[in-house]
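Participant: Have a look at this one.
The values are calculated or read from the model by the stated rules, or taken from the named source; none is laboratory data. Nothing here was measured: the structure is a model prediction, and the numbers come from that model. Quick reminder, even Gly has a Cβ in these numbers, built from the backbone with ideal geometry, and neighbours come from all protein chains shown. Ligands, DNA and RNA are stripped out before the accessible areas are found, and what is left, the full protein with its side chains, is counted by its heavy atoms. Shrake-Rupley method; radii C 1.70, N 1.55, O 1.52, S 1.80 Å.
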Amino acid sequence: MSNRKLNTLCNQLKFLVVDDFENFRTSLRLMLTSFGASFVDTVANADQALNQCKFTSYDVILCDFNLGSGKNGQQILEELRIKKRLKRTHLFVMISADTSKEAVLGTREYQPDAYIAKPVTRNTLEERLLQLLTQQAALKPINREIDLDNAAKAISLCKQEIERKTRYRSWCLQTLAELYLSLGDNSSAQKIYSDILANRQVDWAKLGLGKVLYNTNKYQEAKSLYSEVVKKSPYIVEAYEGVSETCLKLGQRKEAQTALEEAVSISPRMVKRQCKLAELCITNNDLVGASGAFRRAVTYGENSVHESPSLYLSFGRCLSELATGDQTPAGESLAAEAANVTEKVFSKFSYDEDACNNALLVQARVHAGRGRMDKAKETLEEVESLLDNDTVSVDTGLELSRTMYAVGNLEEAEALLIELSQRFEDNPEALALIEALMDEPESLETRIKAKSFNKTGIQLFEKGKLNEAIEAFNSAVQLTPKHAALNLNLAQVTLRKFQNENDTETLDIARQCLERIKHIPKQHKQYRRLQHIKNSLAKNPLEQ
């Protein structure tokens, strides 16, 4: 009975077998034809598989994980998902001799429909295919509507299936809740998750409820729920990401980083998560952590859909900053790695002019950081000859400014940043990056020290200890003299001291602060505050 049913199911479908060993491809093809399949294509590598999927819509793909050189099976699955060439009505079955936790969890996150370990016997494949194809046929109407972005119809079909109390009721409840979430209907999704959790503790329902709580700004409750899942099921990586996202909303950046670090230790192959961790590490002033995350992202991203010039440039930029000023063998090693990473931009993305120019600028900063200033300036001049500052992109403009600062061309860097802020005044993300560099062109170590002094100054100011606050803010400004907010903090506290004690010397300090940051353009987020303090200073009789 089972064979007859499998025969009927297979006869209607198109199969693709992907494996680098011809004997295994032949073996699988023979098994599939014996099950009733009449349409079976076989290919030996990822490029052939992806090319075939451009022209043929396969119902079932059976793919080996390790395909030799080039992309692996996970990367094929990633690319098919991202480029939407693998529909919900299709099946992707990963077949592999690699059953390590890293391989299985990494692949699982892109949701293959099954993971079958080699060697594959006829009985094993027959049993799994019958189960998968039976479910595929039963749920095809729902999945077809989801593929067509017809959420309303998919919701209606899910409800009908749930009412019939079939074996797929749990799948339909989960899908129904996800459809509600996709439509922004948090209350309907919450009811499904809560009803399920009232009867039994199911991880997917907890994760779903966590999303609802996050979407409705209940971040502490969401964090607690995600943490429960982490404790009960420590290999569910999505729970760690949930903890991290909620921690960021709660202002707990270090804890957010720790959660992501735990996630990538369990499942390191997710390139996007490694990049997210790297960016969070940079926000937390942890360049060592950032370089490690970028290194893993580059390693696992090679040949994948995620491989890009920006990934290599971000890694090279991070290594360059880490190496700057470090004259030890470790610093020399980091500088060499930065140079090697940027060289890959030229070899892999030679067609991308901006990327190659940015790679040269990172190399110039590597030279500057090792004291090779003549070489750094020569490289900078080479790039400048190729660029037009009036049309340069934000990314290249920032890279150019960083390099100008590194070689001592401070006025040129400042002028370029002002020009960029005017050109991109309607782009908040670009303005934030421009302002950050304009305020703090110094090294990471210097920026960290300045922030520490600033934090101390704020605490002292709030306690009314004005002299100590002035001393702390002044120490911060000495480290980052162009930082708008720090100069304004110092100016503000000196004005308060003048008002309290009529100490005219403090007015000189305030005037010096405003003079140091007079360059900031009106697009800068501190510009209004600058004007307010300038007006307050002008109203003082001593300023007349």
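Participant: For the range 204-296, which whole percent of the accessible surface, found with a 1.4 angstrom probe, sits on carbon and sulfur atoms?
Facilitator: 53
Participant: Oh, and also: When you take every Cα atom in the range 224-267, what is the radius of gyration, and what is Dmax, the widest Cα pair distance, in Å?
Facilitator: 9.4, 26
Participant: For Lys231 and Arg164, what is the calculated FRET efficiency with R₀ set at 41 Å and r taken between the beta-carbons, to the nearest 0.05?
Facilitator: After rounding to 0.05, the efficiency reads 0.70.
Participant: Could you calculate the contour length gain from Thr124 to Arg81, that is, 0.36 nm times the residue separation minus the distance between their Cα atoms, to one decimal place in nm?
Facilitator: 12.8 nm is the gain from fully extending Thr124 to Arg81.
Participant: Shifting gears a bit: Would you kindly derive the ³J(HN,Hα) couplings of the range 298-311 from the backbone phi angles with the Karplus curve 6.51 cos²θ - 1.76 cosθ + 1.60 (θ = phi - 60°), listing them in order in whole Hz, with x for Gly and Pro?
Facilitator: Once rounded to whole Hz, the list reads 5, 4, 7, x, 4, 6, 8, 5, 8, 5, 8, x, 4, 5.
Participant: Using the alpha carbon gyration tensor of the range 178-223, what are the three equivalent-ellipsoid semi-axes (square root of 5 times each eigenvalue), largest first, in whole Å?
Facilitator: So the equivalent ellipsoid measures 15, 13, 8 Å along its semi-axes.
Participant: Give the average over all directions of the projected area of the C-alpha convex hull of the range 336-492, one decimal, in nm².
Facilitator: With the hull built on Cα positions only, its mean projection is 10.6 nm².
Participant: In whole angstrom, how long is each semi-axis of the equivalent ellipsoid of the range 1-91, when you take the square root of 5 times every eigenvalue of its Cα gyration tensor and sort them from largest down?
Facilitator: 23, 16, 10
Participant: Please work out the average accessible area per residue across the chain, using the 1.4 Å probe convention, and give it in Å².
Facilitator: In whole numbers, the chain has 49 Å² accessible per residue.
Participant: A further question follows. So how exposed is Tyr527, as accessible area in Å² (1.4 Å probe, rounded to 10)?
Facilitator: 70
Participant: Could you run the Debye sum over the Cα atoms of the chain, one equal point scatterer each and no solvent, and tell me log10 of I(q)/I(0) at q = 0.07 Å⁻¹, two decimals?
Facilitator: -0.57
Participant: Taking the full set of protein chains and a 1.4 angstrom probe, give the accessible area of Thr166 in square angstrom, rounded to the nearest 10.
Facilitator: Accessible area of Thr166: about 40 Å².
Participant: Could you grab the relative contact order for the chain? Cα pairs under 8 Å, six or more apart, rounded to a whole percent.
Facilitator: This gives 6 percent for the chain.
Participant: Search the structure for amide H atoms under 5 Å from the amide H of Leu91, placed 1.01 Å from N in the peptide plane, and list their residues when 5 or more places away or on another chain.
Facilitator: Hits under the 5 Å cutoff: Val60, Ile61.
Participant: Could you tell me the ratio Rg/Rh of the range 368-441? Both radii from Cα atoms, Rh via Kirkwood.
Facilitator: Here Rg/Rh amounts to 0.98.
Participant: Carbon-plus-sulfur fraction of the accessible area of the range 478-520, 1.4 Å probe, in percent?
Facilitator: Of the solvent-accessible surface of the range 478-520, carbon and sulfur hold 41 percent.
Participant: Using Cα pairs under 8 angstrom and six or more residues apart, how large is the relative contact order of the range 287-442, in percent?
Facilitator: Computed over the range 287-442, the figure is 16 percent.
Participant: Follow-up question, since we're still on this one. Under 16 Å between alpha carbons, and skipping anything fewer than 8 positions from Lys377 in its own chain: which lysines qualify?
Facilitator: Once the sequence-local lysines are set aside, nothing remains near Lys377.
Participant: Oh, and also: With a cut-off of 8 Å between alpha carbons and a minimum separation of six or more residues, what is the relative contact order of the range 401-536 in percent?
Facilitator: Worked out over the range 401-536, it gives 20 percent.
Participant: How much of the calculated P(r) for the range 419-489 lies past 15 Å, in percent of all Cα pairs?
Facilitator: 55
Participant: Using each residue's phi in the range 431-437, evaluate 6.51 cos²θ - 1.76 cosθ + 1.60 at θ = phi - 60° and report the 3J(HN,Hα) Karplus result to the nearest Hz, with x for Gly and Pro.
Facilitator: For the range 431-437, the Karplus-derived couplings read 4, 4, 5, 5, 4, 4, 6 Hz, x marking Gly and Pro.
Participant: I would also like to ask the following. Can you tell me the Rg and the Dmax, both Å, for the Cα atoms in the range 307-415?
Facilitator: 13.0, 41
Participant: Once the Cα gyration tensor of the range 202-312 is found, what semi-axes does its equivalent ellipsoid get, as square roots of 5 times the eigenvalues, in whole Å, sorted largest first?
Facilitator: Semi-axis lengths for the range 202-312 are 25, 15, 12 Å.
Participant: At a Förster radius of 35 Å, what calculated FRET efficiency corresponds to the Cβ-Cβ distance of Asp203 and Ala138, to the nearest 0.05?
Facilitator: 0.90
Participant: Give the ranking of Met31, Met373 by solvent-accessible surface, highest area first, calculated with a 1.4 Å probe.
Facilitator: Met373, Met31
Participant: Ordering Ser320, Ser182, Ser34 from largest to smallest accessible area (1.4 angstrom probe), what's the sequence?
Facilitator: These residues rank, largest area first, as Ser182, Ser34, Ser320.
Participant: What distance in nm separates the two pseudo spin-label positions at Glu109 and Lys522, each 7 Å out from Cα along the beta-carbon direction?
Facilitator: Result: 4.6 nm between the two label points.
Participant: Report D for the range 66-219 in µm² per second (integer): Stokes-Einstein, Kirkwood Rh on Cα pairs, 25 °C, 0.890 mPa s.
Facilitator: It comes out at roughly 141 µm²/s.
Participant: Still on this model: May I ask you to give the percent of accessible area on the range 113-203 that is carbon plus sulfur, with a probe radius of 1.4 Å?
Facilitator: Reported share for carbon and sulfur atoms: 46 percent.
Participant: Per DSSP helix of 4 or more residues, -39500 (n - 2.57); summed, then divided by the residues of the chain. What does that give at 222 nm, rounded to the nearest 500?
Facilitator: Using -39500 (n - 2.57) per qualifying helix, the result is -22500 deg cm²/dmol.
Participant: Still on this structure: Please list, in order along the range 152-159, the HN-Hα scalar couplings obtained from phi with the Karplus expression 6.51 cos²θ - 1.76 cosθ + 1.60 (θ = phi - 60°), rounded to whole Hz, x for Gly and Pro.
Facilitator: For the range 152-159, the Karplus curve yields 4, 5, 4, 4, 4, 5, 4, 4 Hz.
Participant: Which value does Rg/Rh take for the range 243-379 over its C-alpha atoms, Rh per Kirkwood?
Facilitator: That ratio is 1.01, to two decimals.
Participant: Compute the normalised compactness of the range 277-353: alpha-carbon radius of gyration over 2.2 N^0.38 Å, N being the residue count.
Facilitator: After normalising by residue count via 2.2 N^0.38 Å, the value is 1.08.
Participant: I would also like to ask the following. Distance cut-off 18 Å, Cα to Cα: go down the list Lys14/Lys140; Lys451/Lys497; Lys223/Lys254; Lys218/Lys254; Lys254/Lys451; Lys254/Lys525 and report the pairs above it.
Facilitator: Lys451/Lys497; Lys218/Lys254; Lys254/Lys525, as the Cα separations exceed 18 Å there.
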